[in-house]
Amino acid sequence: MNCHECGARLPADARFCPQCGRPVSGERHPRRVVVTGLGAVTPLGLTAEETWQRVRAGQSGIQRISRFDPADLPVQIAGEVRGFVFGDWVDPKTARQMAIFSQYAVHAAGMALQDAGLDQGGFDPARAAVVVGTGAGGMATIIEAQDAATRRGLMRVSPHFMTTFPHNMPAYHIAQAFRFLGPSLTVSTACATGAQAIGEAVVAIRRGQADLALAGGTEYAVFPLFLASFAVQRAASPDNACPERASRPFDATRNGFVVSEGAGMLVLESLEHAQARGARIYAEVLGYASSNDGYHPIAPEPEGEGAARAIRAALADAGVTPDQVDYINAHAASTPLGDKAETLAIKRALGEHAERIPVSAPKSMLGHLMGAAGAVETIVTILALRDQILPPTINYEHPDPDCDLDYVPNVARPASIRIALKNSFGLGGQNACLVIRRWEQGV
């Protein structure tokens, strides 16, 4: 038995953990947390189901940028959300005052609530939490306001400016639109944000602070400064001639990620709350953990030790051993250093069993949704568990000796999968890992 706080191995008769000193409970987690609703806005679709169907078909959402003329940039491709129309979740006046990253979040949250059968209420608002994350937040809104002020004068700034760009505005708008009046938290841990927001919502429900939560991530990222910042770092792929092949995680010829955008939102509930209302349950979140590399603001720790710590701690939190893991949904951004470090992290955390676990990279199709990536990819993981299908890693053609696991190359694969890991890693050494189990009645 392991300590559910720090993961340390416990003596059989321990009353307190010898490592962290926490009391040892006879039950791992007093409250189990399940997923009952999914919503997404992505370059592959404007719903979670459409996105999943195109992922399992191995289709790419990467195209030449259409939102502005990218001719002056060395990187001219991205995963844009196209055809998005904000639903009638809020009144038209409020909608006009919302930044697009907030619109994405509210829209995905509304679809998740509909999917869960909670769009008409039926819950205690004071026991409903919101945990939403974003990486860039309203950076585009700040740039637009600055440009307008330069042209027209500072005192012509919109009176709504200060309530559009802050990172916490998606959480506010979700709380206001859907009357989620319990705990509210905004997570901003770069590319680990979406998964970490889900994990923190799980913690809040386990602690009894809430009975249910809307959790996930959102990002509006396809604008010139954002693209340019990654281009000058040489972190983004410059393969403009063939956009759909630019993101190629684990492939020996990979040369950077593809900037993408969108939102993913999940409805999480305590098992008791979900069962009491007869909810359809997708999956159970068994474990969650995070860590930091403490190594470099951009590059991952080269041996993957920081990421491995998060994976090991999440497994301990879930009470799952490496041989019980059936599938890994990788962070796998398609960077030379990152994919190699993640492969090492998986091997460090799972030992010899790593060689037998299929690993796939949704970013090969979706691009990198930044703060929303972990949430959207968690949705992909859950639907893979539902349908018993391993999503592919497309564009995998040249094996890399440093990346030598089973990456489900190019074509989806039927499989019997019960427990999955979801990895999300980000700038600043951020690491997050979720352990998710397919829902089985009576387990």
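The values are calculated or read from the model by the stated rules, or taken from the named source; none is laboratory data. Just so you know, these numbers come straight off a predicted model, no measurement behind them. When we count neighbours, we look across all protein chains shown, and the Cβ atoms used for this are built from the backbone with ideal geometry, even at glycine. Remember, those area values only see protein heavy atoms, side chains included, never the ligands or the DNA or RNA. Shrake-Rupley method; radii C 1.70, N 1.55, O 1.52, S 1.80 Å.
Between A215, A252, which is open to solvent by 10 Å² or more (accessible area, probe 1.4 Å) and in contact (Cβ under 8 Å) with a residue 60 or more places away in the chain? Give the steps one after another, and end with the answer.
Details: A215 fails: open to solvent by 10 Å² or more (accessible area, probe 1.4 Å).
Of A215, A252, the one residue that is open to solvent by 10 Å² or more (accessible area, probe 1.4 Å) and in contact (Cβ under 8 Å) with a residue 60 or more places away in the chain is A252.
Among the residues of the range 310-326, are any in a strand (DSSP E or B), in contact (Cβ under 8 Å) with a residue 40 or more places away in the chain, in contact with a helix residue (DSSP H, G or I) (Cβ under 8 Å, 6 or more places away or on another chain) and open to solvent by 10 Å² or more (accessible area, probe 1.4 Å)? Full working, then the answer.
As a first pass, look at the range 310-326 and keep what is in a strand (DSSP E or B): none.
Checking the range 310-326: not a single residue is in a strand (DSSP E or B), in contact (Cβ under 8 Å) with a residue 40 or more places away in the chain, in contact with a helix residue (DSSP H, G or I) (Cβ under 8 Å, 6 or more places away or on another chain) and open to solvent by 10 Å² or more (accessible area, probe 1.4 Å).
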Could you list all residues from the range 248-269 that are in a strand (DSSP E or B) and under 20 Å from M111 (Cα atoms)? G262, A263, G264, M265, L266, V267, L268, E269
Inside the range 218-245, can you point out the residues that are farther than 22 Å from V376 by Cβ, part of a helix (DSSP H, G or I) and touching a residue at least 24 places away in the same chain (Cβ under 8 Å)? P224, L225, A228, A231
Among (1) crowded, with 22+ Cβ neighbours inside 10 Å; (2) under 24 Å from S364 (Cα atoms); (3) touching a Pro at 6+ places or on another chain (Cβ under 9 Å), there is one condition P300 misses while meeting the rest; what is its number? (3)
In the range 391-443, residue nearest to the chain's Cα centre (by Cα) [restricted to those that are in a loop (DSSP other than H, G, I, E, B) and small (G, A, S)]: A412
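Results for (1) in contact with an Asp or Glu (Cβ under 6 Å, 6 or more places away or on another chain); (2) under 27 Å from L227 (Cα atoms); (3) modelled with pLDDT of 95 or more; (4) not aromatic (F, W, Y), shown as yes or no for each residue.
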{"position": "M370", "(1), (2), (3), (4)": "yes, yes, yes, yes"}
{"position": "G374", "(1), (2), (3), (4)": "no, yes, yes, yes"}
{"position": "T378", "(1), (2), (3), (4)": "no, yes, yes, yes"}
{"position": "L390", "(1), (2), (3), (4)": "no, no, yes, yes"}
{"position": "T393", "(1), (2), (3), (4)": "no, yes, yes, yes"}
{"position": "D400", "(1), (2), (3), (4)": "no, no, yes, yes"}
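Looking at G21, is it at pLDDT 95 or above and either of a type outside the set (S, T, N, Q) or over 30 Å from P414 (Cα atoms) (or both)?
Numbers: at pLDDT 95 or above: no; either of a type outside the set (S, T, N, Q) or over 30 Å from P414 (Cα atoms) (or both): yes.
Answer is no for this residue.
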Residues of the range 188-211 being within 20 Å of Q430 (Cα to Cα) and open to solvent by 10 Å² or more (accessible area, probe 1.4 Å), in sequence order, are S188, T189, A190, C191, Q196, E200, V203
Report those helices (runs of 4 or more DSSP H) wholly inside the range 43-144 carrying at least 3 residues which are more than 21 Å from the chain's Cα centre (by Cα) and free of Cβ contacts under 8 Å to residues at least 12 places away in the same chain. 92-96
Could you tell me how many of the residues in the range 221-235 are open to solvent by 30 Å² or more (accessible area, probe 1.4 Å), more than 15 Å from A299 (Cα to Cα) and not aliphatic (A, V, I, L, M)? 2
